[in-house]
Structure formats: structure tokens, C-alpha cells
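J.: Dropping the structure in here first, questions after.
The values are calculated or read from the model by the stated rules, or taken from the named source; none is laboratory data. No experiment lies behind these values; they were computed from the predicted model shown. With ideal geometry, Cβ positions are generated from the backbone for all residues, glycine too; neighbour counts draw on all protein chains shown.
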Amino acid sequence: MTTIIEVRQLQKHYGGPLAVRDVSLSVNEGEFLSLLGASGSGKTTTLRMIAGLEIPTHGSVLFRGQDITNVPVAQRDMRMVFQDFALFPNLTVWENVAFGLKLRINRGRINRGEIKARVGQYLDTVQLSAHADKMPHQLSGGQRQRVSLARALVTDPPVVLFDEPLGSLDANMRKVMQLELKRLHRELRKTFIYVTHDQEEAMGLSDRVAVLQDGQLLQLGTPDDVYFRPTCAAVASFIGAANVLQGIAEVVPGKPLGVQLIGGWRLDATDSAAGVANGEAVTLMLRAEQVAIAPAAGNTAGGLRAQITERLFLGEKIRYELKVPGTELRLTAISGGDHLRLSLGDEVIVTADPRHVRVLPRAAAPRVGA
Amino acid sequence: MSAAAPARDRRHLLIWLVPPLLWFTVFMLIPYCMLFYYSLGSTEYMTFKPGFSPANLIRVFRAEPYLSVLLKSARIGALTAIGATILAYPVAFCLAFHTRSARAKFVIYLLVIVPWWAAYLVKAYAWKTILGTNGIINALLLELHVIREPLTLILYNQFSVILTLVYIFTPFSILSIYAQLERIPTSILEASANLGATTFETLTKIVIPLSLPGVLAGAIITFALATGDFIAPALVGGADAIMISNVVINLLGVAFDWPMAASIGIVVIGVGIALISVSQYVEHRAQARF
């Protein structure tokens with residue numbers, strides 16, 4: 001796969017702490033890459049530096065191997081979809097979509113007939129042909145975002161940038177638009193760089209996810225990677241619901257790695273146990289949906305005794321907060337099973353499959369506690 | 001909830017409305033009615049004679065010099081409005097889009113407003129000393145040997161009146177245009193650039209069309225204020241730059257022809273109302289919904 005966009009040691013300083021510090025990553029041609037992070041993580045600033053809307057304080061942006069750090073926005077071959085849609089309120093839907101193409105008439109690269117055909121085609125693609133003559137304020141949020149999408153795509157850019165494009169839509173419209181984006185990406189095979197704070201959206205749409213926090217790139221990997229193989233506790237706790245636990249490694253040759261946890265619980269980990277020394281302090285991740293519980297009555301086989309302190313019924317799943325010696329655990333269970341009958345204050349036995357217990361890389365240890 | 005509550009609220013509202021209504025009646029409604037009443041009368045040996053004749057109103061359009069002075073005043077007003085708009089637009093644009101820090105914004109804002117803390121008369125007089133025969137400009141040009149005799153072309157004519165009026169009324173245009181530009185989200189300008197537009201294209205295709213209502217509102221204010229001005233023509237205008245308000249003052253204080261003065265007032269007010277109505281309509285049509 002060829003790299004289309006690369007950023008090197010990108011930094012942005014507004015005064016105060018660095019908004020983006022030393023972010024380096026490369027985006028492959030045709031890839032759907034998400035920049036995921038909480039607000040203030042530097043994801044939007046990074047995207048805006050790629051677009052040329054912000055000048056990096058330090059570092060460079062490369063497009064197909066060429067340094068474009070100082071190339072003005074208008075001359076970069078990428079289009080952006082804004083969170084607030086940024087439609088031109090003085091122009092109709094049709095004129096909005098045609099805007100980028102009409103600019104090219106003056107530069108002799110397209111004629112009126114072509115514009116008409118292309119705008120019509122893309123309005124069709126986003127199912128807005130019936131609204132071509134309306135003004136932006138006459139459309140719903142979802143329709144406006146589709147206009148903004150058509151306006152970006154109609155000029156056939158190799159790279160499309162999205163700055164939380166679904167952020168101002170309601171939950172149902174978001175889901176519709178997510179499917180639409182996924183379909184468009186599959187059909188157009190363009191490079192999408194997508195900023196979002198919604199981890200489900202990032203994982204569901206992307207080929208790869210870059211997780212940012214405090215202006216730093218924590219991990220870049222497939223959705224599978226960042227979910228199941230986080231490189232640090234911050235990623236583990238940011239994505240999905242995870243239990244991040246501290247313990248001491250017990251290495252016995254020929255046996256799975258054992259970890260003695262602070263509360264006196266002991267977990268075995270078969271996955272990623274290489275390179276851990278006996279007696280070393282380690283950080284474990286145990287996903288909330290991979291914690292198993294059973295009613296305490298009569299059951300003592302290897303588990304940990306815990307008490308349910310909170311129970312939230314969320315529809316397809318139930319979320320439990322458990323109190324165990326020394327710490328707390330979070331757990332999610334598919335609703336409809338026996339768990340439904342557990343309630344607040346019940347005693348339960350907690351177990352974890354050693355294959356699901358993940359030892360986090362060592363460098364991450366000081367960050368835990370967040 | 002008792003049924004008496006809304007009635008009491010209404011009474012409270014009425015109490016709040018009394019002072020402004022009283023103000024409006026005493027200082028605006030009654031004077032306008034009096035103005036209209038005077039315009040229908042006539043004068044005999046410099047004293048007012050009540051009557052109901054539109055003769056004076058007709059004379060505004062028929063007898064010289066009223067109509068030509070009125071047209072000249074309107075032209076000076078229009079040129080002032082154009083000049084003020086041209087000067088104001090870049091300032092308002094900078095203030096709206098290129099001033100990121102709140103402090104810098106405040107400073108520019110202050111610089112625009114501060115001249116209004118000085119009396120108008122003083123400012124108009126200042127222009128007299130700048131443009132006059134012994135003024136700063138002539139002194140400088142003489143010192144630099146650009147000219148041998150003081151220029152007289154720059155004072156006591158329509159040019160000096162327009163210059164002074166533009167200087168005085170530009171802040172109105174700045175504030176009015178700025179208020180409109182401020183409504184345009186920065187992301188719209190970014191989107192335009194992102195789609196490949198140059199700064200000039202963004203300006204002509206997006207920013208200027210969106211700012212038209214503000215430009216129009218500012219131009220109408222400056223036009224109205226400049227057209228009715230009497231200080232600038234009196235101080236820096238010569239015989240050529242007599243404006244309609246100066247004529248009215250002469251009719252009132254020198255000729256004691258109050259009906260004629262009132263008739264001019266009625267015509268000017270009528271033109272003003274018509275202009276504002278048209279501009280309101282155009283502004284409403286041009287106002288984009290964000």
C-alpha cells in the first residue's frame with residue numbers, strides 16, 4: 001500500500017500547553033483512518049494542520065512524498081467536511097455543490113455542461129436531487145451534512161477530511177449517516193481521514209484508528225488492535241469498558257503467567273506474557289464483557305467473591321459495578337441470560353478466562369490511575 | 001394560578017410603557033405634527049399665518065434653490081456614504097476575521113469609538129485647521145517646496161465637506177458592517193478556501209454577498225446623517241457647499257419663513273422614510289439565514 005499523507009513530528013502551540021505534540025503518522029491510499037480522542041486531545045488540530053487551516057509550530061505534512069507544510073489551503077488536493085456543515089447560506093444546495101467546480105471554470109479545467117452533470121450525479125448519490133433549489137436553512141441537519149458531503153466529493157479529491165461530521169446530528173441520523181459514509185468510502189475508494197470522539201463510530205467505520213490524548217498519539221492500529229491489544233492503560237480505559245488492574249507477576253516455567261492482584265485475587269494470563277520477570281509489577285487489562293459472574297450460592301471454584309454495587313439495564317446489555325477486595329470491577333453482560341435475576345447487593349463469584357487477560361506493555365505502567 | 005395575574009401583569013407592563021410613550025409623544029409625535037401644521041401655513045410680513053395650503057410643499061420642488069440644494073445635499077450624502085463604506089469595510093473585515101485576541105479586538109473597537117467622545121464641532125474645526133491656508137497640509141507642502149502658494153482647492157468646497165463628513169461618520173459604517181460580518185462563521189471562509197477559492201473569490205462570492213445587509217444599513221445611516229448635516233458645510237464648506245440644513249436654518253433665523261422651512265423638513269423626512277423602507281425591504285431580502 002502506498003502512503004498518501006504523512007505527518008512528521010507535528011506540533012501546534014497556541015500558548016499554554018502544546019495542543020499537538022510530536023504526532024507522526026502515515027495514511028495509506030484509499031484508507032479510512034480515524035483520529036479518535038476526547039475533546040482537547042489534539043485530533044481536530046491535527047486534521048486542520050493536514051488541511052492547511054492551521055500552520056504547524058513544528059513538523060511537516062507530506063502529500064505523496066512532497067512537503068506541503070507551507071502550501072496554502074486552496075492549493076491542497078483535499079476537501080473537508082465540517083462539523084457545522086459550513087454551507088454557504090447565500091447559495092442554493094445546487095450552487096453550494098457546484099461551488100468548487102465553478103471555480104475551475106475560471107481556470108479553464110471544466111465546462112458548464114460537465115458541472116451540471118457532475119453536480120446532478122453527486123446530488124443523486126446523497127439523495128438530495130429533489131432539494132437542489134432549496135437554501136441551506138430549509139434543510140434538516142442530516143440533509144445539510146449530505147450537501148456538505150456532496151460538495152466535498154464532487155471535485156473528486158483523493159483525500160477527504162472529516163471534522164466530527166456527525167457531531168451535531170441526533171443519534172438516529174448519526175447511524176444512518178454512518179452507514180452512508182461507509183458505503184461511500186467503499187464505492188469511491190478515496191482516502192478518508194475522520195476525526196471523532198465517538199469510539200464506536202471510529203471502530204465501526206475505520207480501517208485504522210489513531211488514539212490521541214493530550215496532544216499525543218497513543219496508538220495507531222486496526223480497530224481490533226486498539227480494542228484487544230491496547231499498548232497502554234490510557235487506550236485500554238478510553239476504548240470500550242475495561243478493568244485496568246495492577247499486580248505482581250509470578251513466573252513459573254511451563255505454566256501460564258500468574259498475576260497476584262492487590263486485593264488478593266490471582267489471575268492467569270496466557271496472552272502476551274512474554275518478557276515478564278518474576279516479581280515484576282505489571283498492569284492487566286480485562287474487558288468488562290469478558291468478566292464472568294455466577295451466583296455465589298454453593299460455588300467456590302477458583303473465583304473471587306464480589307458484591308454488586310450498581311446495576312444499569314441498557315437494553316441489549318446490563319452493566320454491573322462490582323466491589324471486590326481492594327478494588328472495583330466493571331462488567332457488562334448480554335441481557336436476557338441469568339444475569340437478569342441478579343440485583344443490587346447480591347453476592348457473586350467472578351472469574352476470568354486466562355486467554356482474555358491482557359498484560360499491558362511495561363512503558364504504560366506510570367500512566368495508570370487515570 | 002389566579003385569573004387576576006395576567007391582568008396585573010398587563011397593568012405592570014403599562015406602567016413600564018408610560019415613560020417611553022410620554023417621551024415619544026412630547027418630543028417626537030407633537031413636534032412632527034407641529035412641523036406639518038407649520039408647513040401648511042404661510043407668512044405675511046415675517047409673521048406666521050396659519051392655513052391649510054400645500055403651496056410651500058410644492059415650492060420645495062418648483063422654486064430655486066430648494067430642489068437643487070436638496071439634490072446637492074443628497075449627492076454629498078451619497079458620496080459620504082460611499083466613502084465611509086469603502087474605508088469602513090477593510091476595518092470591519094479585519095476586526096471580524098483577522099483579530100483573534102479579545103484584547104486587540106477591544107483596542108481597535110475603542111479606536112473606532114473614541115473619536116465620538118470628542119464634540120463634533122471640535123472635530124469639524126480640526127479639519128478646518130488641517131486643510132486651511134495656514135493649515136498643516138499647506139505648511140508641509142510649502143516646507144517641502146512642492147507648492148509655492150498655499151492650496152485653496154482643498155478647503156471651502158464640497159470636497160472638504162465630504163472629507164469631513166466621511167471622517168465623522170465612518171465609525172457608523174464600521175460598526176454596522178462589523179455587526180453583520182461577525183455573524184459569518186469562520187468555517188464558511190475555511191470551506192471556501194478548502195474548495196479552492198482564492199481570498200478574492202471568497203470575498204466576492206461569499207463574504208460581500210453575506211455582508212450586504214450591514215453595508216446597506218451603514219450606508220443608509222451615514223447617508224441620512226450626512227445629508228442633513230449643517231456643521232460641516234458651515235465650517236469647512238464654501239458658498240458652493242451650502243446644504244439643505246443650512247437653507248432651513250436661514251429660513252428660520254434670517255428670513256423668518258417658518259412654513260417654507262417646515263415644508264423642506266417634511267420633504268426631507270418623507271424621503272428619509274421612503275429610503276429606510278426600501279432599504280429595510282432590500283436588507284430583509286438579502287439577509288441570509290445562517
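Conditions tested, residue by residue: (1) surrounded by 13 or more Cβ atoms within 10 Å (Cβ to Cβ); (2) in a helix (DSSP H, G or I); (3) touching a residue at least 12 places away in the same chain (Cβ under 8 Å).
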position	(1), (2), (3)
B:CYS94	yes, yes, yes
B:ARG100	no, no, no
B:VAL114	no, yes, no
B:VAL122	no, yes, no
B:ALA126	yes, yes, no
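J.: With respect to A:THR57, is the statement that it is buried (at least 23 other Cβ atoms within 10 Å of the Cβ) and more than 14 Å from chain B (Cβ to nearest Cβ) true?
T.: Considered against the rule, which asks whether it is buried (at least 23 other Cβ atoms within 10 Å of the Cβ) and more than 14 Å from chain B (Cβ to nearest Cβ), A:THR57 comes out as no.
J.: With the structure loaded, tell me whether B:LEU252 is surrounded by fewer than 18 Cβ atoms within 10 Å (Cβ to Cβ), modelled with pLDDT under 95 and not hydroxyl-bearing (Ser, Thr, Tyr) or whether it fails that test.
T.: On the way: surrounded by fewer than 18 Cβ atoms within 10 Å (Cβ to Cβ): yes; modelled with pLDDT under 95: yes; not hydroxyl-bearing (Ser, Thr, Tyr): yes.
Here the answer is yes, as B:LEU252 does meet what is asked.
J.: Name the residues in segment B:178-188 that are more than 7 Å from every other protein chain (Cβ to nearest Cβ) and either touching a Pro at 6+ places or on another chain (Cβ under 9 Å) or basic (Lys, Arg) (or both), would you?
T.: Those that are more than 7 Å from every other protein chain (Cβ to nearest Cβ) and either touching a Pro at 6+ places or on another chain (Cβ under 9 Å) or basic (Lys, Arg) (or both): B:GLN180, B:ARG183, B:ILE184.
J.: Kindly establish whether A:ILE110 is in the same structural domain as A:TYR194 (by TED's automatic domain parsing), in contact (Cβ under 8 Å) with a residue 12 or more places away in the chain and over 27 Å from A:VAL195 (Cα atoms). Even if it seems obvious, please write down each step before you answer.
T.: Working: in the same structural domain as A:TYR194 (by TED's automatic domain parsing): yes; in contact (Cβ under 8 Å) with a residue 12 or more places away in the chain: no; over 27 Å from A:VAL195 (Cα atoms): yes.
Spelling it out, it is not the case that A:ILE110 is in the same structural domain as A:TYR194 (by TED's automatic domain parsing), in contact (Cβ under 8 Å) with a residue 12 or more places away in the chain and over 27 Å from A:VAL195 (Cα atoms).
J.: Given the structure, is B:GLU283 of a type in the set (Asp, Glu) and within 14 Å of chain A (Cβ to nearest Cβ)?
T.: Judged against the criteria, B:GLU283 is a match.
J.: Here are some residues: B:ALA191, B:ALA234. Which one is without any contact (Cβ under 8 Å) to a residue 40 or more places away in the chain and within 14 Å of chain A (Cβ to nearest Cβ)?
T.: B:ALA191
J.: Those residues that are part of a helix (DSSP H, G or I) and either surrounded by 19 or more Cβ atoms within 10 Å (Cβ to Cβ) or within 13 Å of chain B (Cβ to nearest Cβ) (or both), I need them from segment A:119-130; list them, please.
T.: Quick first cut of segment A:119-130, residues part of a helix (DSSP H, G or I) only: A:119-125, A:129-130.
Those that are part of a helix (DSSP H, G or I) and either surrounded by 19 or more Cβ atoms within 10 Å (Cβ to Cβ) or within 13 Å of chain B (Cβ to nearest Cβ) (or both): A:VAL119, A:TYR122, A:LEU123, A:THR125.
J.: From the set of residues in segment A:75-114 that are in a helix (DSSP H, G or I), crowded, with 22+ Cβ neighbours inside 10 Å and facing chain B (nearest Cβ under 8 Å), which is nearest to the chain's Cα centre (by Cα)?
T.: A:GLY100
J.: Here is a follow-up. Taking helices (runs of 4 or more DSSP H) that do not extend beyond segment B:158-219, which have at least 3 residues that are under 15 Å from A:PRO89 (Cβ atoms) and out of contact with any Gly (no Cβ under 9 Å at 6 or more places or on another chain)?
T.: Result: B:186-194.
J.: If I filter segment B:150-177 down to residues being among the β-branched types (Val, Ile, Thr) and over 18 Å from B:ILE231 (Cα atoms), which single residue comes out as nearest to the other protein chains (Cβ to nearest Cβ)?
T.: Selected residue: B:ILE177.
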